[in-house]
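The values are calculated or read from the model by the stated rules, or taken from the named source; none is laboratory data. Everything quoted here is computed from the prediction, not taken from an experiment. Neighbour counts run over all protein chains shown; Cβ positions are idealised from the backbone, glycine included.
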Amino acid sequence: MECVVSSTEDKSRTGILNLDLLSCPICVEPFTIPIFQCDNGHLACSSCCPKLRNKCPSCACPIGHSRCRAMETVLESTSIPCQNAEFGCTQKLTHGEESTHEKTCTFSPCSCPVQDCNYTGSCKDLYVHYKNIIHQNPQSTSQRYRVRCDNSFIVKMKISDNLLIGTLYEKRLLFTVQSFRKPYGVYVTVSCIAPSSPKVGRFSYYISYTMDGHTIIYVSTELKKIQRVSLHTPQENYMLIPNSLLHGESLEMRLCIQNFDPKKKRIKTKRYRRSSSKVKSIIEVSS
Ligand SMILES: [Zn+2]
Ligand SMILES: [Zn+2]
Ligand SMILES: [Zn+2]
Ligand SMILES: [Zn+2]
């Protein structure tokens, strides 16, 4: 691995630095400040020094008291682009910070959920791609399922469709509703296509299904964020509709995606309850 170093006097002059030099020679982890050296100039990171009982493994001199300021300055001057630079991230990181940043980078690539489309981009670019460029088709579900947070709406799909795509337009995000048929019933999951970064926002939701006066409501404080659609049966965060409440192939459900508010203890499902007058039973499941 290499990174670019530039001179402060002449910005146009840059050179290449081998990043292996900025890793501890003992544990091979990227250096963090402080960096220590022995009297002979051998280097060790702050977590290795106590493990070595402050004895340099190369020359047996004491190590862990004198810092190597020169190396610390070099480390601070590194400027490494985020691995999601090609998807629009402009963050420059110092060596060792990459993995912390990349875990929460809002530009982490997301895959288009449309079958046979190979597009990958940041969640915001994916939204634009889905909406404007390729999948703008009056028949497509994106027009029907263009929704706002906190507004409940009816989702109609066939169980065999497996996937429905919609847009949370004011958030510029895509969401999916997936159905998975199993011998004992149908699993329904709701997800948002985005990296797990908190900067994307946090959403809660409820989804309900009514048949013959019986209602199942699934309430969740966490709308799952996924970077690509998976066809594996979900292990958690799903609504299960048993066969006894299924009539034929069509599913009609009410979904409401909400801005998560940590102050609200309960997710509002009242509006839904009031509207269904002939209720025989309600099964409410929360996660
Ligand atoms: Zn080390
Ligand atoms: Zn030494
Ligand atoms: Zn980034
Ligand atoms: Zn696409």
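Quick rundown of the values:
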item	result
Cβ-Cβ under 9 Å pairs, at least 6 apart or on other chains, segment 11-23 side over 17 Å from Thr73 (Cβ atoms), far side in a loop (DSSP other than H, G, I, E, B) and modelled with pLDDT of 70 or more	Asp20/Val28
Any hit, segment 237-257, residues being of a type in the set (Val, Ile, Thr), under 21 Å from Tyr119 (Cα atoms) and surrounded by 20 or more Cβ atoms within 10 Å (Cβ to Cβ)	no
Hey, Gly64 within 13 Å of ligand 1 (Cβ to nearest atom), touching a Phe, Trp or Tyr at 6+ places or on another chain (Cβ under 7 Å), part of a loop (DSSP other than H, G, I, E, B) and without any contact (Cβ under 8 Å) to a residue 40 or more places away in the chain or not	yes
Evaluation of Ser230 against (1) over 25 Å from Cys110 (Cα atoms); (2) modelled with pLDDT of 90 or more (one fails), failing number	(1)
Restricting segment 56-93 to residues that are among the β-branched types (Val, Ile, Thr) and surrounded by 19 or more Cβ atoms within 10 Å (Cβ to Cβ), the residue that is nearest to ligand 2 (Cβ to nearest atom)	Ile63
Sole residue being out of contact with any strand residue (DSSP E or B) (no Cβ under 9 Å at 6 or more places or on another chain) and either at pLDDT below 90 or closer than 17 Å to Cys192 by Cβ (or both), chosen from Lys103, Lys131	Lys103
Sole residue being at pLDDT 95 or above and touching a strand residue (DSSP E or B) at 6+ places or on another chain (Cβ under 9 Å), chosen from Leu251, Leu255, Leu168	Leu255
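For (1) near ligand 3 (Cβ under 9 Å from one of its atoms); (2) over 22 Å from Phe36 (Cα atoms), each residue gets a yes or a no:
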residue: Arg67; (1), (2): no, no
residue: Ala70; (1), (2): no, no
residue: Thr90; (1), (2): yes, yes
residue: Thr94; (1), (2): no, no
residue: Phe107; (1), (2): yes, yes
residue: Cys110; (1), (2): no, yes
residue: Asp116; (1), (2): no, yes
